[in-house]
Structures are given as structure tokens and as C-alpha cells.
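*Asks:* For reference, the structure I am asking about is given below.
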Amino acid sequence: MTRRDRAAGAARRAAELRERIAYHDRRYYVLDDPEISDAEYDELLAELQRIEAEHPELVVPESPTQRVGGAPATSFEPVRHRLPMLSLNNGFTEDELLAFDRRVRERLDRDSEPGVEYMAEPKLDGLALSLLYRDGRLVQAATRGDGETGEDVTGNVRTVRAIPLSLEGSGWPAEFEVRGEVFMRRPDFERLNARLYAAGERGFMNPRNAAAGSLRQLDPAVTARRPLSFFAYGPGWVPDGFELPDTQYAVLDWFETIGIPVCPERDRVTGARGALDYYRQMAVRRAELPYDIDGVVFKVDRRADQQRLGYVARAPRWALAHKFPAEERTTQLLAVDFQVGRTGALTPVARLQPVLVGGVMVSNATLHNMDEVARKDIRIGDRVVVRRAGDVIPEVVGRAGGEREPDTRPVRLPEACPECGSHVEQEEGKAVARCTGGLVCPAQRRESLRHFVSRKAMDIEGFGDRLIEQLVGTGTVSTPAELFELDATRLEGFERIGAKSARNLEEALERARETTLPRFIFALGIREVGEVTARALAEHFGGLEPLMQASVEELEGIRDVGPVVARHIASFFAEAHNREVIEALRRAGVHWPEMRPAAERPQPLAGRTYVLTGSLEGLTREEASARLQALGAKVTGGVSAKTTAVIAGENPGGKLAKAERLGVPILDQSALEELLREHDRM
């Protein structure tokens, strides 16, 4: 036999082994029905490794021998999803499922029997994943992240034997995405923990934590030792022109034919009755399934109907996650602490006698707010019922039954912020209490600085989230005023900032010292004071000092300022810490031209009413509205016969047609600009 013949024989045998190993991977990891023993499988893999070692030219990326490779990473690179990975709306009761079905039928005009057909499948308790296949080969895997941007975990996902490195058959597009869930089966989870315990290592609390922790290992070799599984639940990005099957169910059937694993428990159901029957069946079978589920997902089956229904906010209108009731346990409430969020909201947190709830040891749980504490009549020392809401977030449901112990103590809202000592404010009739030290509170520091430097506030170019995190994390900057103490020398020491970048940042700070009063007021981050309200305040008072001294009653008389916002403004300026930061900003050279107070300015457009529609070039509708109002005009959202004129930009809505029917004058952007120029000169 010649060398060429031997090489050809090796190539045929390697291809045969790759095909057989892929087949047995599917039998074992996807179907849970192995045909050969582990020893026989190991022999096949060892033979393939020998052939590839002797003939390196035969090694291909999709070979099972290549599932683990490469050095450990130092971090995960971000991946921008071509198509957002949306959340699902949740339902916890039969009424919520019935309401979902009713909304779907109404939008699709399907009130007649038998009703809408849904695809139903268990909601896996795992980690969402997006897989990108190019020319039939897996080239990228990314976590969901925030739905817009995830993390690149390709190296780790290549070790998951349930996920095919290359697709079977044909007919798939040159490039497309598959979305699904990585999870760990219960038997595999138990074996993994047993192995960890035997090695003297710490085990995982539940399969979901094990799956998430395994997938986010920086070393793929560690992930390879973790028995992860995967089920696809739908397509992601698909190129224009490629026709997917007509139904959600058929898409998953097609996935199966090309080697992508899908949940075998999926089914088609008709109407709300069929959906409820499936939900009840899964609730009964939940304990016997080989993997954890926390509910059932229903999706309108016809993809054309999905397109008609569309999306709302960050969730599709055509899908619902019907969650199972949360598991509950009873324990003792030992103490209550208060955490301060990034917006200053104080949340009471229960410190509990540790208790196992839904597979997780819980020692802390949210009490939401003081209204909830009062409503549930909870006192420190009580026996309380703890629930993992949606099997994720621990919460105190209420006081357990029985007689209350005599030494319990009421939960008190602190008068001062536990983070910065500023006054705590709670509006009458509102559940949430907040710290008023927005410019100094450590808990609000990152958020207040991000807002302060943002484009519509002080517009300090180059101070993005990464740099703000470093400045705060190192203790370099604690208030907005301290930003102006930075120079190029100090900035150059931070990550990814060279000499040129540092000089640019110093110049940006210098430019920001000269601003406008509306921008400065907006930059302070006063609750519910947006750009329009900030401009209204600046135009009314003309300067910062009279605004800082204004009473709640005086503030209430300004347009765009109601009683609640007036109290927020007064409380903000009453806090000594905030006034100290404002004074420090002025000492740092932050300044602006004073404006004429509204009482001293003419109102040439008083008595006129305008409506804005469409988009304006170089001017937001809010800015146009503020300038018209500064001249005395009223700006409303609806067109009527009393409207002075409709100002129409690009792509106007139905307001333009209504104006034409009513004979209301229509102004384009150039006419608006001329109107503003004419009266701004007065």
C-alpha cells in the first residue's frame, strides 16, 4: 500500500469516526439513550486522536478532539446581538394566562372556536445562549447579557457535547443564529457535586448555579469537565430571504433534522383550555423530569401571527412564561437593614435565620418598602414565611401564623441615610423612601456622576462608564466637583488612558466649566427634573440663587412643576451636603451666563397654542416646546379647532391630517425657526 493510499484510508476512517462519535454524543447528551458503554466511546475517541496525531492535516475545527483547546482567557469579550435577546412576560395565575389568551385573540380577530394554537414547552431553569452558525459550523456563542450585549463564551460552548460543532444535512442558510438554554440535568448535577466533594472542593447549590458557573469559566478545560446540556427554543437572527418553517413547532422540528437538540416535552395546544391542561400536566411531572423547570412557556405557533402581534417594551406580545408557584419556607426574622439603591431608594432587607428555599440557602430577603412591612404586619423577631418569587428572588411573604412572641420589635425607617447621613425623605402617599444626598451619597455616586457628565447635562466628552467606574472604584472622585480637580497627569494613570487621551479629557473638563443654567440644573440630577423642567426653572428664576431659595409654594406656580416635583426640588436644595457640592463646583470655575427672569421678559406668544408633530432637524421637540413656552405660548399634544398652528417636521403623524381637516394652519421647520428668531429678539 502506497503512502497516498494509507493517507486516503486514514482520512476515510477519521471521517467515519467523527460521524460515529457525533452520533453517540447525540444519543448520550441529547436523547439520554446511549447505545454503547463509556469504555467503547473512549476507544473511538482514542482511535481518532491517534489518527489525527499521525496525520495533522486531517484535523478540522468540528472534530470532537477539538472541543477543548486554547489557553484560559482573562475576561469575556462583549458581543452585540444582531437581534435583541428579549425577555418574556411572566404570568403566575390562571387569570393571567386567560388574559394573555384573550389579548392574543383580540389582536388576531380570532374570537371563534377552537381558538389560537400555541406551542408549549417547559421553561428550563438554565442560562440563555445564542449560537451563530456560518456555513454549517459553530463560529460564535454568546450569553444573553442585558439583551442587547452579551459575553463571548465560544471556547466554553465548544466543550458542550450536546451542541453540534457542525450541522447535519443541508438546507440551512449560510449564516444564522439559534437561541436556546444551557442547563444541567439533575443526575449530572449530583455526579458533579459528588466529584467535587470527593476532591475536597465546594459543591454547587442547585443545577442552575452549576450551569451558569460552568459556562462562565475563564478556562474552557474546566467547562469541559462539567456535564452541560442544551435545548434550542427558537431562531435568532436569520438573513433576509431565507424562509423558516411556518410555525414555531415546525422550526424546532427542522432544528432536530439538522442536529440541533430541542426539548422532547414540547407540544401543540389549542386555546387557553389546552394551555392550562399542559401547564397542569407539567406541574405534576415537574419532579420526575431529569432537569429543573420553573414554569411553562406558551408561544403563538404561527410565525405570521407572531409578526402581526409584534413586541411591547422588551418582550414579545405572542409569548408568555406561566411560572409555577414559588416554594415557601418558615424562618425567624433576626434584623432589618436598609440598602440604598443607585437612585437613592431605601429598601428594607430582612436578615433571616438561614433556611433552604427552592434549593437555595436563604439568609437575606427583600421586604420591598415600608408600606409592605406595615401591610404584612412584620416585626423583628417574628416567625415569617419566605418565598423565592419566581424561584429567583427571595422575599418575605408575611408573618407566619400563631401567637406573636412578646419581645418582637417594630421596623423603623431611619431618619438619616445609612450611607451618607443625609435626610431621608418619604412622600405622603408614596411607598418608597429616598436619600436626599444625591450629590454625595456613595450608593448613588456612580449614577449621579454618569448623569452629570452625560451629553444633555454637562456634556464632558470622554468620561464614559468605564472611566467613571475607575474613578469611583479607586476613590479618586466622590462628588461631581472633584471631577474638576483632575488633570492630565492624574488621568494618565488609569486603564487605557495614554498621554493624548489624558490631555483630551483635561481639555473636555476645561470646556465644561462654561455651561448654561438649564444644563447645570439638569446635571444636578434632582428627582423628576428633566431637560424641559430644568429649562423652565432657569427661565423662571434667571439664576441659581433664587431657585435654591424658592419655597415649595413658589415652585408649584411654575409650568411643568407640580406639587411632587416642587417638594423634590426644595428637599434637594435644603440638604446641606448638596449645597456644599454646588459651592465647590462654582469654586472650581463652573459658570454660566445669567438669564432674565420670566417676570422681566415679554410674552409675545401669550394666548397662542401650538402642536408639534414629526422630527425636527437639529432641535428636539422638547427643546422647541420649551422655546415656544418661554415666549408665552401653550404647547399641547392634541389638535383642535382652537389650535393656532401645527408645526410639522419629518414623518409627521396623524395630527397633520387632523389639522388639514380642521383647517388649522401648518408650519414647517423653517417657519418655526423664523417665528422663534422674530420673537427671541424682542
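*Asks:* Please pick out the residue among ARG404, ARG379, ARG375, ARG409 that is surrounded by fewer than 14 Cβ atoms within 10 Å (Cβ to Cβ), more than 28 Å from the chain's Cα centre (by Cα) and modelled with pLDDT of 90 or more.
*Replies:* That would be ARG409, the only listed residue that is surrounded by fewer than 14 Cβ atoms within 10 Å (Cβ to Cβ), more than 28 Å from the chain's Cα centre (by Cα) and modelled with pLDDT of 90 or more.
*Asks:* Considering only segment 235-341, give the strands (runs of 3 or more DSSP E) lying wholly within it that have at least 2 residues that are among the β-branched types (Val, Ile, Thr) and within 19 Å of LEU127 (Cα to Cα). Steps first, answer last, please.
*Replies:* On the way: elements: 267-270, 293-300, 319-323, 328-340.
Correct list: 293-300.
*Asks:* Residues of segment 265-274 being in contact with a strand residue (DSSP E or B) (Cβ under 9 Å, 6 or more places away or on another chain) and either surrounded by fewer than 20 Cβ atoms within 10 Å (Cβ to Cβ) or not assigned by TED's automatic domain parsing to the domain that holds LEU244 (or both), which ones?
*Replies:* Across segment 265-274, the qualifying residues are GLU265, ARG266, ASP267, ARG268, THR270, GLY271.
*Asks:* Another question, then. Against the definition (at pLDDT 95 or above and in the same structural domain as ASP301 (by TED's automatic domain parsing)), how does PRO245 come out, yes or no?
*Replies:* So PRO245 fits the description; yes.
*Asks:* Right, here's the next one. Being crowded, with 22+ Cβ neighbours inside 10 Å, under 26 Å from ASP371 (Cβ atoms) and not charged (D, E, K, R) is the filter; apply it to segment 434-447 and report the residue that is modelled with the highest pLDDT.
*Replies:* Per the stated criteria, the residue is CYS435.
*Asks:* Within segment 524-578, restricting attention to residues that are among the small types (Gly, Ala, Ser) and under 16 Å from GLU623 (Cα atoms), which residue is farthest from the chain's Cα centre (by Cα)?
*Replies:* Only one residue fits best here, namely ALA538.
*Asks:* Next question, about the same structure. Restricting attention to segment 111-140, report how many residues are of a type outside the set (Ser, Thr, Tyr) and part of a strand (DSSP E or B).
*Replies:* Of the residues in that region, 17 qualify.
*Asks:* Sticking with this structure for a sec: Between residues in segment 335-347 that are surrounded by 14 or more Cβ atoms within 10 Å (Cβ to Cβ) and residues that are aromatic (Phe, Trp, Tyr), which pairs lie under 7 Å by C-beta distance while being six or more apart or on different chains?
*Replies:* LEU346/PHE338; THR347/PHE338
*Asks:* Could you say whether any residue in segment 287-298 is hydrophobic (A, V, I, L, M, F, W, C) and over 19 Å from ASN89 (Cβ atoms)?
*Replies:* yes
*Asks:* Please state which one of GLU151, GLU168, GLU177, GLU201 is assigned to a loop (DSSP other than H, G, I, E, B), of a type in the set (Asp, Glu) and surrounded by 15 or more Cβ atoms within 10 Å (Cβ to Cβ).
*Replies:* Within the list GLU151, GLU168, GLU177, GLU201, the selection yields GLU168.
*Asks:* Now, a different point. Could you tell me whether any residue of segment 207-214 is in a loop (DSSP other than H, G, I, E, B) and either in contact with a helix residue (DSSP H, G or I) (Cβ under 8 Å, 6 or more places away or on another chain) or assigned by TED's automatic domain parsing to the domain that holds PRO290 (or both)?
*Replies:* no
*Asks:* A follow-up question, please. State which residue is nearest to TYR311 (Cα to Cα) when the search covers only segment 56-86 and only residues that are outside any loop (DSSP other than H, G, I, E, B) and at pLDDT 65 or above.
*Replies:* Going through segment 56-86, the residues outside any loop (DSSP other than H, G, I, E, B) turn out to be 56-58, 64-66, 78-80.
From what is left, the residues that are at pLDDT 65 or above are 56-58, 64-65, 78-80.
Working: PRO56: 50, GLU57: 49, LEU58: 47, PRO64: 40, THR65: 42, PRO78: 25, VAL79: 23, ARG80: 20 Å.
By that ranking, first place goes to ARG80.
The values are calculated or read from the model by the stated rules, or taken from the named source; none is laboratory data. Everything numeric in this text was worked out from a predicted model, so none of it was measured. Here the Cβ is made from the backbone with ideal geometry for all residues, glycine too, and neighbour counts use every protein chain on show.
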